[in-house]
Structures are given as structure tokens and as C-alpha cells.
Amino acid sequence: MPFIVDPQPGEEVYLLREFRGSHAHVFAMAVSNQAVYLPAQKLTLGKDPWYFKRIPLSDVKEVGLVKQKAFYIYILAVIMIVSGALLAYLMMAPVLRGQPGKVSGWPLAMIVGGVLLPFIARGRRTLVVKMSKGKYKWKPQLAVDKKSRETCLKIQDDMLQACIRAGIRSVER
């Protein structure tokens, strides 16, 4: 079920974007001249538990794009490479000694994934909406294909521009 904005009288919706990625990764956001609409999830067993939560502009302090720190990605990549190499060695040692053993492609997949991870995560940003009562963050899913990455970047840029048009203070770090 798509996200639906029910505008109040005199409310003009500047932008409505929806993105459904893989593994039930859902993002939608709308900006109007009176409110920001953020995705929220109902605690029900219904078919589609997602809906829009309306936040008046008076409750929104700022909206910004924060560049993701590469440090954590590099650490994860190193862990994947080292553990993949270790598993490959432990898996292949009995076979190389002439003993029966089992061979799998998972260690090689971990090594390749660790090598590719920093390239896939390059330029990734988090959309942050700071409100008087908390904050909302949208970090797009890791996408291998360039089209999905560009779509996420475009959605984030469009959201920032719509928030600027609505008069919300914006920050890009």
C-alpha cells in the first residue's frame, strides 16, 4: 500500500517520495508548507504496517545530510577479509594434507565482499530530521547497483531542497 498524504485545508505538498528497497527496506517522506511527513510503523500484524506521521513545521528544528563515516565501513571490510581468509585456510588445510574435507565458496565470498564494501558504501549519506522531541534518520540500504545508489542520493537531495523551500533550516555536513 502506498504512503498517502491527507493535506489539511490550505496545505500545499511540495514533495512526496517513496522508495522500497530490498528486504522490506521502506522509505517515504513528504514535505508541505505546514508539515513534514515521516514514515512510521504500526505495531500490528497487518499487510502493510507503514504509514505517515505528520510533524508540524514548528516542531522541526533542522534537516540535514550527514556523510557516513568511512571508518566503520573500513573496519567491517577488514574483519570480513581476515575472517574469510582464516575460514578459507581452515577449510582447505585438511584437503591439502590429503585428508577428507569439505570445500565451500563462502570464505571466498566473504573476502570479495570485504574488498568491495568500501567501494559500495562510498559517498553514502544519512538524512537527519531533528525535531523538538527526538530525531529521525534515514540511512539508505547498501546497494550494489549504481542506479539504486543514485536514486537514494537524488531522493535525499530532493528532500533537502523541499525542506529549504518550506523554510526549515538545513545543514549539510
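With the requirement that a residue be part of a helix (DSSP H, G or I) and either in contact with a Phe, Trp or Tyr (Cβ under 7 Å, 6 or more places away or on another chain) or more than 22 Å from Arg20 (Cα to Cα) (or both), what does the range 109-139 give you?
Ala109, Met110, Ile111, Val112, Gly113, Gly114, Val115, Leu116, Pro118, Phe119
Would you please name the residue that is farthest from Arg124 (Cα to Cα), looking only at residues in the range 57-105 that are over 34 Å from the mean Cα position of the chain (by Cα) and among the β-branched types (Val, Ile, Thr)?
Among them, the one singled out is Val95.
Out of (1) outside the structural domain of Arg20 (by TED's automatic domain parsing); (2) assigned to a loop (DSSP other than H, G, I, E, B), what's the single condition that is false for Leu142?
(1)
Return the total of residues in the range 52-69 being aliphatic (A, V, I, L, M) and out of contact with any helix residue (DSSP H, G or I) (no Cβ under 7 Å at 6 or more places or on another chain).
Within the range 52-69, residues that are aliphatic (A, V, I, L, M) and out of contact with any helix residue (DSSP H, G or I) (no Cβ under 7 Å at 6 or more places or on another chain) number 4.
Would you be able to tell me the number of residues in the range 120-141 that are touching a Leu at 6+ places or on another chain (Cβ under 8 Å), closer than 22 Å to Ala40 by Cα and without any contact (Cβ under 8 Å) to a residue 60 or more places away in the chain?
Total satisfying the criteria: 1.
Name the one entry in Ala121, Ala109, Ala77 that is touching a Pro at 6+ places or on another chain (Cβ under 7 Å) and hydrophobic (A, V, I, L, M, F, W, C).
Ala77
The values are calculated or read from the model by the stated rules, or taken from the named source; none is laboratory data. Computed from a predicted model, the values in this text were never measured in an experiment. Glycine also receives a Cβ, built like all others from the backbone with ideal geometry; neighbour counts cover every protein chain displayed.
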